[in-house]
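Any read-out appearing in this document is the output of simple, stated calculations on the displayed coordinates, not a laboratory observation. Predicted model, so just to flag it, every value in this text is computed and none were measured. Here the Cβ positions follow ideal geometry from the backbone for every residue, glycine too, while neighbour counts run over all protein chains shown.
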Amino acid sequence: MADINVRPMTGADAGPVLAIYQAGLDAGNASFEVTAPTWAAFDTTRLAAHRFVAVDSAGTVLGWIAVSPTSTRAVYAGVVEHSVYVDPTAQGQGIARLLLDTLIASTEAAGIWTIQSGIFPENVASLRLHERAGFRVVGVRERVGRHHDRWRDVVLLERRSPTVT
């Protein structure tokens, strides 16, 4: 991991970010979505201050993490939902944890007190990653949506900041 760095995501990262996103969607356990959005849609729905990419020494994007606000209501200004995706060829190297740790530091510095995520129960690696990073299971939303012609459950997780009060 010594040759992997995390930096802010820019528009120049659009191609690899969306390709990694699509690869995760194609694997079948990342999201109800089946097609990655356009860069314009991605860019307008994620908070610019909390979007990061992991890159190797050659500058190749290996993974990304980003947050979206959960609501426009002022009372929820400190609550975001995140997504983290790693290129399939780079999985198992600690990249997702590096990205998640960077996101946690970034959001806490900005006064965000809760990060939440919905994960398919079959995505055991992601559930373990989040548990190790201090997320807790809030509950399971049973049969919340259809994905590839079958009902899917979603495990709702959240991480409450111990420093932002």
**OP:** Could you work out the mean projected area of the convex hull around the alpha carbons of the range 29-163, in square nanometres to one decimal?
**Re:** 9.0 nm²
Original post:
About the Cα centre of the range 23-165, what is the dipole size in debye to 20, counting +1 per Lys and Arg Cβ and -1 per Asp and Glu Cβ, all else neutral?
Top reply: 380 debye
**OP:** For the range 1-68, just the Cα atoms, rotate onto the principal axes and tell me the three extents in Å, largest first.
**Re:** 34, 26, 17
Original post:
Mean shadow of the range 77-140, computed from the convex hull of its alpha carbons, in nm²?
Top reply: 4.6 nm²
Original post:
Which one of L103, S117, H50 is farthest out on the positive end of the charge dipole of the chain, using unit charges on Cβ (Lys, Arg +1; Asp, Glu -1) and the Cα centre as origin?
Top reply: S117
**OP:** Work out from phi, with θ = phi - 60° and the Karplus expression 6.51 cos²θ - 1.76 cosθ + 1.60, the ³J(HN,Hα) of each residue of the range 86-98, listed in order in whole Hz, and give x for Gly and Pro.
**Re:** 10, 3, x, 6, 10, 5, x, 10, x, 5, 4, 5, 4
**OP:** Amide H neighbours of L62 under 5 Å, at least 5 residues apart or on other chains, H built in the peptide plane: list them.
**Re:** A54, V55, D56
Original post:
Mind checking which of V75, V84, V53 has the largest fluctuation in a GNM of the chain, springs on alpha carbons under 10 Å?
Top reply: V75
